[in-house]
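Working notes, beginning with the structure itself.
The values are calculated or read from the model by the stated rules, or taken from the named source; none is laboratory data. Just so you know, these numbers come straight off a predicted model, no measurement behind them. Note that each Cβ is placed from the backbone with ideal geometry, even for glycine, and that neighbours are counted across all protein chains shown. When the accessible area is computed, the model is the full protein with side chains, heavy atoms only, and any ligands, DNA or RNA have been set aside. Shrake-Rupley method; radii C 1.70, N 1.55, O 1.52, S 1.80 Å.
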Amino acid sequence: MPSSKRAFTIDDLWSLKRLGTGTVSPDGAWTCASVTSFDMKKNESTTQLWLLSNDGKTQRQLTRGKRDGDPQWSPDGKWIAFVAKRSAGETKEDEEPQLYLIPFAGGEARRISNLATGVSAIRWFPDSRHLAFVSWVWPELKTESEQAKRYKKDKDDKVKATVVEHNHYRYFDHWFARGRKPHIHSIDIRSGKVRNLFASTPFHLPLAEPDANLFDISPDGRELAFTHDFNPDPRAYSLTDIVGMDIASGKWRKLISRNANTAEMAFEAPRYSADGRWIALLGTDYRKRYNELARAWLLERNGSKPHDWSAGWDHAVQGPLLWSADSTAVYFLAENEVAKPLWRLQLEAALPQEVRRGPGEGGTAIDLRISGNGDTLVYARSSQLHPPVLLACNADGSGERSIEHFNRKTMAGVRLATAESQQITGFDHDSVQMWVVKPTSFKAGAKKQWPLMQVIHGGPHASWGDVWHWRWNAQLFAAAGYVVSMVNYHGSSGWGQSFMDSINGDFGRRELTDIEAATDHMLASGFIDPQRVVATGGSYGGYMVAYMNGNVRTPRYRAYVCHAGCYDWVSMMGSDGYFWTGLELGAWHWDDEARVLKQSPHHYAQHFQTPTLVLHGEQDYRVPYYQSLAYYNTLRARGVPTRLVYFPDENHWILKPQNSRLWYAEFLAWCDRFAKGKQAAQRRDKVRIAPE
């Protein structure tokens, strides 16, 4: 009997709610989560707060604003603070996000801040009467009124030029605010009185998206620990320290005294233990390599030397480190091959112990939180087969249960493809993992042959985990009739430091061998049509398909899709991460031009022959958009069929609903044109094939 379920579509993808764990009540009974919904017709999103009982029985809406986020539960359990842009009564909407407070027992939210420079990254003091937050201010100005006047002047200034003499001046999709720095402030929730805790000090948080993970408040409320780089002009990477500041007096001290073993370290994300004796933090040792894994470190507040807590463990620790209520262990997340489980590290232990993973290949957990009493862990977990679901379990990992059902109805009504984890033999005879996602109509043993789509991940030090991907959704590709192959090539994260390091200074070669081995493996299966093979990728994956266009000298790939791909390593000096380039490639181009060119796709332009779709967003500073324009123009000049899809209002990612719909449609239409024929491509809704 035919299934009544429908095929998964782009509209299904954007109808799904996107969930943030948010905050857990001190007693562990409730979670306040942010829930983002999208309106395809209006091309916009709304984010609101919901209360979820951690037994999974109750789900009710708490706020009804359009942009309510970053909820934080007060230690006494009475209040939930959050950040929002709202209009109050007859007043106009907040120009910048402000701090709001709503009682857990019910009632209206009230605004407790009114800062021209706005509010972000909030955290409660232990007394439940004060909150800490970040605001980008002009350090030389002393009062809120001065800040407000300067804010208006800057906003009204007809000259928007930025003048810099620093190494770091923009990040991902935005320039750093002119003359402003991220300072930590405190606010009294009753009076609304604000104090800049960094006033008259040299301190500010690191400029690249400073959040509440970068600071913490001691259990007695007297000390602030925060991340700071004492170099006024950080070089290739920030060598950050942890500073402790007495909140009453403003006196400060370095909590870590650097020595030969810590001279090239970056420390961040400090977290006080509940008894106040310890600070757990993340540390990265850049003496070893530019892409060294982050480790858990431990610092005793009496002044002892920091201890490399997870030194013997070959996995990257993802912070923040969350203390147990008895101060004997921390909880955190870390990749283990394709899974990202929950882990626990005891004070006296050398190695962490796995606490909880999902079924099948294990899934990917994010946004881990712990209740104030230490009894309940709350997190979101997704897999190749489902979007993130909010879950809770006991501190020992037992009793896992779903605490929400936002997307249950939608997911129950669609057919999903299977996702199989397989091992192949890749470069240097190493075992390499790959995913194979097959269409729902696939039948083993049938004589039918299918088109193959290689989907190459970015990074390169990332991976295709057991995770639901919003921007490169394998289920949508499989629903379009493709067998999807996703290879965790040499350089991918999750398989230890040496596997990740293996490509350093020699980009492209090992990865290509792994991808070709995967294609060979799929062709040997007998169910792939060798005349209908395409390869696609974004960012470093886009680099790889451009590299393949010049280095795969046979027509085995009928088409490529290159989204935001690195095309020319010399002109990638315009990236916001330009300082990594010489470390990644093993040399700067002025020191060893031949070595750099060998790794750069543009060096092989004379061999380009495969039709390529090029996509990019103008606000992308990680891989500047001119990389794609240069690639597209080169392909046109060489007479290679190519098509450009350019988004002036997107960054490295495609984030707006209607833009995403067009992106997927163009993506699949291009693949269809060369793997299924032009008529199949033209049948795709809302895609116009432009005349060549």
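Structure data summary
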item	result
Unit charges on C-beta of K, R, D, E only; dipole of the stretch 405-518, Debye	920
Over the stretch 193-264: Kirkwood hydrodynamic radius from C-alpha pairwise inverse distances, Å	13.3
Projected-area average for the stretch 42-184 over all orientations - Cα convex hull basis, square nanometres	12.4
Accessible area of His405 in the full protein assembly, 1.4 Å probe (Å², nearest 10)	90
q = 0.19 Å⁻¹, the stretch 310-355: log10 I(q)/I(0) [Debye, one scatterer per Cα]	-0.54
The chain, helix-only ellipticity at 222 nm - DSSP H runs n ≥ 4, -39,500 (n - 2.57), divided by all residues, nearest 500	-4500 deg cm²/dmol
Alpha-carbon Rg/Rh ratio, for the stretch 554-604, with Rh computed the Kirkwood way	1.05
Three semi-axes of the equivalent ellipsoid, the stretch 332-378, Cα gyration tensor, whole Å, largest first	19, 15, 8
Net dipole in debye of the stretch 401-460 [+1 Lys, Arg Cβ; -1 Asp, Glu Cβ; about Cα centre; nearest 20]	580
Coordinate range along principal axes, alpha carbons of the stretch 1-55, Å, largest first	47, 36, 10
Protein accessible area in the stretch 129-198, 1.4 Å probe - carbon and sulfur %	53
Accessible carbon and sulfur surface of the stretch 435-563 relative to its total accessible area, %, 1.4 Å	52
Leading residue at positive end of dipole, the chain (Cβ point charges), from Ala444, Val432, Leu322	Ala444
11 Å cut-off, amide nitrogen to a point 7 angstrom out along Phe442 Cα→Cβ, residues in the stretch 522-563	522, 527-528
Debye equation applied to the C-alpha atoms of the stretch 272-344, log10 I(q)/I(0) at 0.13, 0.15, 0.17, 0.18 Å⁻¹	-0.39, -0.52, -0.65, -0.72
Accessible carbon and sulfur surface of the stretch 1-128 relative to its total accessible area, %, 1.4 Å	48
Cross-link partners of Lys160 among lysines (Cα-Cα below 22 Å; sequence separation of 8 or more within a chain)	Lys149, Lys152, Lys181
Radius of gyration and maximum dimension Dmax of the stretch 20-85, Cα, Å	12.5, 42
Nearby aspartates and glutamates by direct alpha-carbon distance to Lys438 (threshold 12 angstrom, same-chain neighbours under 8 apart not counted)	Glu420
Relative contact order of the stretch 550-597, defined on C-alpha pairs under 8 angstrom at six or more residues apart (%)	22
Cut-off 13 Å (backbone N to label point 7 Å along Cα→Cβ of Glu618), residues of the stretch 647-664	647-651
Cβ-Cβ FRET estimate between Arg110 and Lys41, R0 fixed at 30 Å, reported to 0.05	0.35
Where the stretch 66-160 is the region considered: accessible area per residue in Å², 1.4 Å probe	53
Computed log₁₀ I(q)/I(0) - Debye formula, equal Cα scatterers, no solvent, the stretch 563-689, q 0.20, 0.23 Å⁻¹	-1.14, -1.30
Rg over Rh, two decimals, the stretch 267-412 (C-alpha only, Kirkwood Rh)	1.00
Cα-based equivalent ellipsoid of the chain: semi-axis lengths in Å, sorted from largest, via gyration tensor	42, 29, 27
Long-range tail of P(r) for the stretch 359-461 (Cα pairs > 19 Å, %)	62
Crossing angle, helix 509-524 versus the chain [Cα axis fit, 0-90 degrees, rounded to tens]	60
Positive-end residue of His607, Ala121, Met572, charge dipole of the chain with Cβ unit charges	His607
Aspartates and glutamates whose Cα lies under 20 Å from that of Lys656, excluding same-chain neighbours fewer than 8 positions away	Asp11, Asp12, Asp39, Glu44, Asp68, Asp173, Glu618, Asp620, Glu666, Asp685
Cβ-derived FRET efficiency at R0 30 Å, Ala325 paired with Ser53, nearest 0.05	0.90
Residue-span extension gain [Arg471 to Lys598] - 0.36 nm each, minus C-alpha spacing	42.7 nm
Solvent-accessible heavy-atom area per residue, rounded to whole Å², over the stretch 412-456 at 1.4 Å	48
Theoretical gain in end-to-end length, Gln497 to Ala412 [0.36 nm per residue, Cα-Cα removed]	26.6 nm
Principal axis dimensions, the stretch 447-486 - Cα atoms, whole angstrom, descending	38, 17, 14
Extended-chain gain in nm, criterion 0.36 nm per residue less alpha-carbon gap, Ala248 and Trp175	22.9 nm
Amide N proximity, the stretch 356-372 versus Ser402 label position 7 Å along Cα-to-Cβ, cut-off under 16 Å	358-360, 363-364
Exposure rank, largest accessible area first [Lys254, Lys142; 1.4 Å]	Lys142, Lys254
Kirkwood Rh and Cα Rg combined as Rg over Rh, evaluated for the stretch 148-231	1.01
Cα→Cβ-extended label distance, 7 Å offset, between Glu209 and Arg301, nm	3.0
With Cα atoms, 0 to 90° folded angle of helix 657-675 axis to the chain main axis	20
Protection proxy ranking of 41-49, 626-634, 379-387, 53-61 - average other beta-carbon atoms within 10 Å, highest first	379-387, 626-634, 41-49, 53-61
Residue-normalised accessible area of the stretch 240-298, given per residue in Å² at a 1.4 Å probe	39
Listed peptides 448-457, 256-265, 160-169 by packing density, highest first (mean Cβ within 10 Å)	448-457, 256-265, 160-169
Angle in degrees between helix 540-551 and the longest Cα principal axis of the chain, rounded to the nearest 10	30
Alpha carbon centroid spacing (whole Å) that separates the stretch 44-103 from the stretch 505-522	47
